[in-house]
Amino acid sequence: MKLYIYTTNDRMPVLKDSTKIFDADSAALRELIAERNWEKLIERNKIMCIHDYVKNEIPFGFTSRPLLPASAVLAAGKAAGLNKCILLKTLLDACGILCRWHAFRIKKDLFKGLLLAPAYSLLPETLISAWVEIFFEGQWLVADGVLLDGPYLHGLQKRLPPGAVEFIAYGAGIYLSGNHIDTWNGKQHNYCQRAAIVRDLGIPEDLDWFFEEYRSDIRKLSMILPGYANRVIKKIREQA
């Protein structure tokens, strides 16, 4: 049996089996799905409801570990980056929606404002990230809009510089030209971090390999301390 291995000086488990991360069979996730009757919905409504749940009912926020099983993300009641993607993919998988994991590297600028200046300066220039893509009506659609909840995005709008074409800070990497779409409509991609991407890592066929290969990179996300970051997020959300 493949297991997590914890060490006394490691804040993150050494992943040996991705089924422990995408734990769709956990009691908490099965109860949530049954309670919301998602499995009984038509495909479009199923995706919309799951997308909205992960986006707004699991608001943007940091936890002590940047990589948690989906059931632990649910229990935490907030999530950022990889943990948002983990919960979204797990719920979609559990409800029979075809989806995939797409990885990339982002500029550290995405986290500007969420760390004190000395801590921010210690972050590597690029960090690992991902989004989930959903197959619907013959096309793959990016569902990156789940990353930031509606109230937080509304509060963030007050910090957008006039005339700017993009904004990369406070967890957002968005282009400001045209209509920014962060909800699910089944027709278009939605984004929250696209403007911060510097290198596409593609779609890993083996997620066990992905989490093991980038374990060191994922651990670096632990440099974003949740206490300070969440206070900043709370302040911005209150401005909505």
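The values are calculated or read from the model by the stated rules, or taken from the named source; none is laboratory data. Because the structure is predicted, anything quoted here is derived from the model rather than measured. Quick reminder, even Gly has a Cβ in these numbers, built from the backbone with ideal geometry, and neighbours come from all protein chains shown.
A compact table of results
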read-out	value
Filter result (within 20 Å of A79 (Cβ to Cβ), of a type in the set (V, I, T) and without any contact (Cβ under 8 Å) to a residue 40 or more places away in the chain) within region 173-231	I174
Count of region 62-84 residues which are small (G, A, S) and in contact (Cβ under 8 Å) with a residue 60 or more places away in the chain	3
Residue in region 58-71 that is surrounded by 20 or more Cβ atoms within 10 Å (Cβ to Cβ), assigned to a strand (DSSP E or B) and modelled with pLDDT of 95 or more present	yes
Hits in region 113-167 (condition: more than 16 Å from the chain's Cα centre (by Cα) and β-branched (V, I, T))	T126, V165
Answer residue from region 129-178, given it is farther than 24 Å from R231 by Cβ and charged (D, E, K, R) and is surrounded by the fewest Cβ atoms within 10 Å (Cβ to Cβ) among those	E137
Residue in region 218-240 that is farthest from R65 (Cα to Cα), counting only those that are surrounded by 16 or more Cβ atoms within 10 Å (Cβ to Cβ) and of a type in the set (D, E, K, R)	R237
Residue within region 154-161 that is at pLDDT 95 or above and in contact with a strand residue (DSSP E or B) (Cβ under 9 Å, 6 or more places away or on another chain) present	no
